[in-house]
Structure formats: C-alpha cells, structure tokens
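The values are calculated or read from the model by the stated rules, or taken from the named source; none is laboratory data. All figures in this text were calculated on a predicted structure; none of them were measured in a lab. Note that each Cβ is placed from the backbone with ideal geometry, even for glycine, and that neighbours are counted across all protein chains shown. Only protein heavy atoms, including side chains, enter the accessible area calculation; ligands, DNA and RNA are left aside. Shrake-Rupley method; radii C 1.70, N 1.55, O 1.52, S 1.80 Å.
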Amino acid sequence: MKEEFKVPPVVLRLGAFVVLLAIIAGVFQSFAPSYLSNGNLHALLRHMSVNGLTAIGLTFVIVVRHFDLSFPGIASLGAMTIGWLLANDYSLYQSIGGGIAVGLLVGLINGTAISYFRLPDIVTTIATGGVSVGLSYFYSNGTSLSDNFFGSGILDLNDAKVMTLDMPVVILLIAGIIAFVVLHASRFGRAFYATGENKLSAVFSGVRVKAYVLAAFALCGAMACLAITLLVASSGAANVTAGSQLLMPAFAAVYLGAALFGAPSIPATLAGTLLMSAMLNGFTLLAIPYYYSDAIVSTVLIVAIGMFDPKLTSFIGGLFSSRPAR
C-alpha cells in the first residue's frame, strides 16, 4: 500500500497566515482603494517596524514564560531621554544610545527583581513602568521636546531609504535576523526555550535560568526604546505618551503569531506583527475611531491567548481525538 501523503504542519500554518493576510488585504482594499497603493504599503511597513521591534523584545520574555507590562513606560522614558539629549546638543548616536541604555537599565532592574528576588512579574513590571513614565516628566515637565530635531539627522531614520526599502524596515530586518540567530540558531536560544519549558529541568541541565530571565527583560526594555526611536523620528518630537500605543499591538502580535505557528518565535512574531499592522493601517485609512480599533485589537489578543493556551488546545485536541468506547 502506498503511504498517505501528509502536508507538513508548517506548510499548513504558513498557508493559514497567507490566507488571513489575503483576506485582510481584500476586505480593506474593497473599502479603501488606496490600501494596496505603493505609498500606503510603505507607510504600513514603517508602522510595522515600530511594533515589530517592540514585539521582538517581548518574544524573549514570553519564551521564558514571563510577562512584561513595563515596556510602554520604558519606551516613553527612552523617547524623552533621546529628545532631551538632542535638545542639549548631543550627537544623534549619543542620543539614541542614551535612550536604548535607559531601556536596557530598566529591563535589567525588572529582570533582577523577578529572577533573583522572585518578585511577581506582572506587579513588578507595572510598578517599573509607572516609575518610568513618572521619570519621563522630569525632562520637560511633560511638554514635548523637538529642539535640534531637524539638524540632528534623526528624521532620516524615517525618511531615508536603502535601495528601495525604508530605513525603519531595514532596521527591523537587521534586528529580526540577529534575534532569529540568537533564539533559533544558537545554544543561547535553546537555553531561553529550556528556561520557559521547565525551569527545574533547565537548572539540572546546567542552564543559568536566572541569567536568561534577566537577559529576556533587558532585551525587552532595550528593544522598546529602539522601537520608540523610530516613532520619535516619524513624529518629529518626543513626548511622555510616546510609548502608550505599544502595549496591545505587541502582545497581540506575539500571541497571534504563536497561535498561528504553534509556539512563540521570531518568524511567528513578525508574521503576527504584519497581520496586526495590516489591520491597524486599514482602520486608519477608513477613519475608524481609535476606540473601535483598540477594541478589535484587544479581541484579537484574547482569541490569540485562548488559542495559545495549552489547557485549551489540549482540551480541543482531546475532543477531536476521543473515540467511542467499545
């Protein structure tokens, strides 16, 4: 007998992603003919770059089975740090480096408190996020900073192109490739996954679990500030609310990607980010109020979490695999 041909699961998952993306594009194109125009696709990908960088950092935290709710506040602090440094005549690279360093520092504080002092991740990151937002007001008492922006070169991060690709997309691709190599093609990545799957087994296998949890939170903070740099470059100003729009899209992207591809990973996160950005861009073109789009993103997040939850997937799998008793 010939063996039955089975389509590899990864092909089915990739097909489901392509179908979803095609449906989203088709629906929005029917209501907004400019949706698939060259100009709008460039805008979509630039927007995706901000959310994608944030989601890449969050992926490391999710892989080690923790949560980080502080990165929007950290991003706001990073944005104001960049704005203040530029306004005080620091170079572009010093300013961006200072902003990312702030994100890395707060991420290290998160990781230390959670991994070494065993504080609950949700409460800890809510607290550090709140403190970060509070500190961001010290730079200018809450007013926006835009001095020296035009002469510093920061706007080129949004406007410049490498061949035909916008600079934000190039930055996202470079960050994605590096994150992919670290998480999926190195022993460090296997240690991140081992930490998330079973911390006790990982410890007995020689994995420094606390150090990897610390690294995950540090990466999340640094990537949030790198992402906010692109947002500051596109808006031409730094303000204390800059990071407030990062939370839901990042979580939705990570969990939607994990639900589609079976586990959190860098390719899954980027796929989820593209789907979320495609929807958000469509809502903007159709002038849908932000509270409706936020509600839809939140619904997607809930559905994605439900699909990714092991208890629910095991329950559904049991229903389909159950056989009547003889």
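Could you identify the single residue in G134, G129 that is closer than 27 Å to N239 by Cα, within 17 Å of the chain's Cα centre (by Cα) and not polar (S, T, N, Q)?
On the way: G134 fails: within 17 Å of the chain's Cα centre (by Cα).
Going through G134, G129 in turn, the sole match is G129.
Name the pairs whose Cβ atoms lie under 7 Å apart, with the first residue in the stretch 98-124 and in a helix (DSSP H, G or I) and polar (S, T, N, Q), the second open to solvent by 50 Å² or more (accessible area, probe 1.4 Å) and modelled with pLDDT of 95 or more, and 6 or more positions between them or separate chains?
Pairs found: S115/K210.
When you go through (1) in contact with a Pro (Cβ under 7 Å, 6 or more places away or on another chain); (2) open to solvent by less than 30 Å² (accessible area, probe 1.4 Å); (3) more than 30 Å from L119 (Cα to Cα) one by one for L85, which number turns out not to apply?
(1)
Being surrounded by fewer than 24 Cβ atoms within 10 Å (Cβ to Cβ) and in contact with a helix residue (DSSP H, G or I) (Cβ under 6 Å, 6 or more places away or on another chain) is the requirement here; does S277 meet it? Spell out how you get there, then give the answer.
Numbers: surrounded by fewer than 24 Cβ atoms within 10 Å (Cβ to Cβ): yes; in contact with a helix residue (DSSP H, G or I) (Cβ under 6 Å, 6 or more places away or on another chain): yes.
Yes, satisfied.
Is it the case that V133 is in a helix (DSSP H, G or I), open to solvent by 40 Å² or more (accessible area, probe 1.4 Å), under 23 Å from F71 (Cα atoms) and free of Cβ contacts under 8 Å to residues at least 24 places away in the same chain? Even if it seems obvious, please write down each step before you answer.
Numbers: in a helix (DSSP H, G or I): yes; open to solvent by 40 Å² or more (accessible area, probe 1.4 Å): yes; under 23 Å from F71 (Cα atoms): yes; free of Cβ contacts under 8 Å to residues at least 24 places away in the same chain: no.
No: the conditions fail for V133.
Over 27 Å from T112 (Cβ atoms), among the aromatic types (F, W, Y) and either in contact with an Asp or Glu (Cβ under 7 Å, 6 or more places away or on another chain) or part of a helix (DSSP H, G or I) (or both) - does that describe any residue in the stretch 46-66?
No, there is no match, as no residue in the stretch 46-66 is over 27 Å from T112 (Cβ atoms), among the aromatic types (F, W, Y) and either in contact with an Asp or Glu (Cβ under 7 Å, 6 or more places away or on another chain) or part of a helix (DSSP H, G or I) (or both).
Taking only the stretch 36-70 into account, find how many residues are open to solvent by 40 Å² or more (accessible area, probe 1.4 Å) and among the hydroxyl-bearing types (S, T, Y).
Of the residues in the stretch 36-70, 1 are open to solvent by 40 Å² or more (accessible area, probe 1.4 Å) and among the hydroxyl-bearing types (S, T, Y).
Quick one: is S76 part of a helix (DSSP H, G or I) and either more than 30 Å from E197 (Cα to Cα) or open to solvent by less than 20 Å² (accessible area, probe 1.4 Å) (or both)?
Numbers: part of a helix (DSSP H, G or I): yes; either more than 30 Å from E197 (Cα to Cα) or open to solvent by less than 20 Å² (accessible area, probe 1.4 Å) (or both): yes.
Here the answer is yes, as S76 does meet what is asked.
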